[in-house]
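Below: one structure, written as structure tokens.
The values are calculated or read from the model by the stated rules, or taken from the named source; none is laboratory data. Remember, predicted model here, so these are calculated numbers, not experimental data. Using ideal geometry, Cβ is built from the backbone for each residue, glycine included, and neighbour counts are taken over all protein chains shown. The accessibility values were calculated without ligands, DNA or RNA, using every heavy atom of the protein model including side chains. Shrake-Rupley method; radii C 1.70, N 1.55, O 1.52, S 1.80 Å.
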Protein chains: 2
Amino acid sequence: MEAPIKILIADDEPDIIEIISFHLNKLGYEVATAKDGSEAIEKANSFAPDCIILDVMMPKRTGFEVCEYLRSQKQFDKTLIVLLTALNDEASHIKGLELGGDDFISKPISPKVLVSRITALFRRLQPTESDKKIITAGDLMIDISQYKTVLKGVTHVLAKKEFELLYLLAAQPGRVFLRGEILSQVWGNDVIVGDRTIDVHVRKIRAKLGIDCITTVKGVGYKFDY
Amino acid sequence: MEAPIKILIADDEPDIIEIISFHLNKLGYEVATAKDGSEAIEKANSFAPDCIILDVMMPKRTGFEVCEYLRSQKQFDKTLIVLLTALNDEASHIKGLELGGDDFISKPISPKVLVSRITALFRRLQPTESDKKIITAGDLMIDISQYKTVLKGVTHVLAKKEFELLYLLAAQPGRVFLRGEILSQVWGNDVIVGDRTIDVHVRKIRAKLGIDCITTVKGVGYKFDY
DNA sequence: TAGTTAGTTAACAATTTGATAATGTAAACC
DNA sequence: GGTTTACATTATCAAATTGTTAACTAACTA
């Protein structure tokens, strides 16, 4: 995510708001606050936060009501909702989660733990992070999820081994890979192939892309340089 | 998900295992258990659970160690990890989450709350945006609620598996799906079918729609591209 | 119960890919 | 200047992968 992550805190106790804001700000989050349930809904709409921390016991509308409302609105589909409460009874805990809350934390709250839990939730929310593996270098783009390379807007289709070899090198531009490293990474340790095989594949990549993005380091190996 | 959700419980106290298993089973989850850290890792590999509940204090390997190990393995990327502990100190709470845990719960645990929290975590894992029932790409429309595809205004009726395969690929256009992914998503992990089965279905889809919207990536898999 | 449909498998054809050998080339070394 | 060394190039062939067709089975339907 490019823009800073936005978090809305809704609680009627100014002390709580202040201490949580302080910790979240310190970590680079953009924070907005609300002092009751109605304001929480207003701010949710205007601020469009990525995460909303809701005290259950608030004037005007309870955290439960706000949570239920937010969950009924499509634009808050992906918004994390963390419910805070002084009550530690099982029933409200379960109710909070059933209304669509992502976490339910009983007071007294350690700000560090709260922040830690929110971080854990955000981590889970980024499923594409590990999937999206796109390397870009100048006008060359290498996308492993699509198994394709795009150079100056033109897509070039590489064979499996060619692609894997290019991807390995391009993942660490400038770093020289020994022939042995390349063999074990791309071909695996079990397969036994000759040294010349690498040369041939390097040549094919150069030919297909039409650019010399792979540099030979004589007597050592190859590196991606573009 | 077609197949039942699998949960692994690791705790050295048989009572805890029994009561949690009971509740999870009742809700239709498939449950496996382990009595120490080493067994937890073994079972994680053989059982391939969607969620792992780890007691922190276990013989052989602690929950922290197991958690750290699992997070270092790529195949457990998407596996939920819930840590249980008798200690309620802030430091281990934060440590557990930083090691990659998705939730951290202090004992004594209410089984209902535990189950409720796990459900909340799973709910978040479900793709909300791609929950869209209708996929459109150019003049092709794929409607899962009616199980039909409309191309240039003409409705084409695909068989169940054909449709599910097309739907999976079309949900993420351009993304290459490995054969293994396709098998586990469309056919499920338990069913064993040959590789040719996928080819045949792809062929049927191409024939019925009359367009080549599925591209073969040799040695890798298939992708939707239109 | 015969006919239909979906799903799967098997067999073979078509295609692509990968590895190797043979040869060419350029720099390094003596 | 000849020799050696290292890498590049080309051509070829075997192996792997996928496409296609046909046939079989199970479930459903009339």
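Those helices (runs of 4 or more DSSP H) of segment A:1-108 in which 3 or more residues are farther than 23 Å from B:Ser116 by Cβ occupy A:14-26, A:37-47. Across segment B:96-116, the qualifying residues are those that are within 13 Å of B:Leu27 (Cβ to Cβ) and open to solvent by 20 Å² or more (accessible area, probe 1.4 Å), and the one among them that is farthest from the other protein chains (Cβ to nearest Cβ) is B:Pro111. Of all the numbered requirements in (1) surrounded by 18 or more Cβ atoms within 10 Å (Cβ to Cβ); (2) within 28 Å of B:Glu30 (Cβ to Cβ); (3) within 13 Å of another protein chain (Cβ to nearest Cβ), B:Val176 misses one, and that requirement is (2). Between B:Leu125, B:Leu121, which is among the hydrophobic types (A, V, I, L, M, F, W, C), under 30 Å from A:Gly96 (Cβ atoms), within 11 Å of chain A (Cβ to nearest Cβ) and open to solvent by 60 Å² or more (accessible area, probe 1.4 Å)? Step by step, each of B:Leu125, B:Leu121 is checked, and only B:Leu125 is among the hydrophobic types (A, V, I, L, M, F, W, C), under 30 Å from A:Gly96 (Cβ atoms), within 11 Å of chain A (Cβ to nearest Cβ) and open to solvent by 60 Å² or more (accessible area, probe 1.4 Å).
Restricting B:Lys223, B:Lys160, B:Lys132, B:Lys152 to those that are basic (Lys, Arg), at pLDDT below 85 and either open to solvent by less than 60 Å² (accessible area, probe 1.4 Å) or more than 30 Å from A:Thr149 (Cα to Cα) (or both) reduces the list to B:Lys152. Quick check: is even one residue across segment B:4-23 among the hydroxyl-bearing types (Ser, Thr, Tyr), open to solvent by less than 60 Å² (accessible area, probe 1.4 Å) and in contact (Cβ under 8 Å) with a residue 24 or more places away in the chain? Within segment B:4-23, none of the residues are among the hydroxyl-bearing types (Ser, Thr, Tyr), open to solvent by less than 60 Å² (accessible area, probe 1.4 Å) and in contact (Cβ under 8 Å) with a residue 24 or more places away in the chain. In the set (1) open to solvent by 30 Å² or more (accessible area, probe 1.4 Å); (2) over 33 Å from the mean Cα position of the chain (by Cα), A:Ile198 fails one condition alone, (1).
Name the residues in segment B:80-91 that are open to solvent by 10 Å² or more (accessible area, probe 1.4 Å) and within 21 Å of B:Ala40 (Cα to Cα), would you?
B:Ala86, B:Leu87
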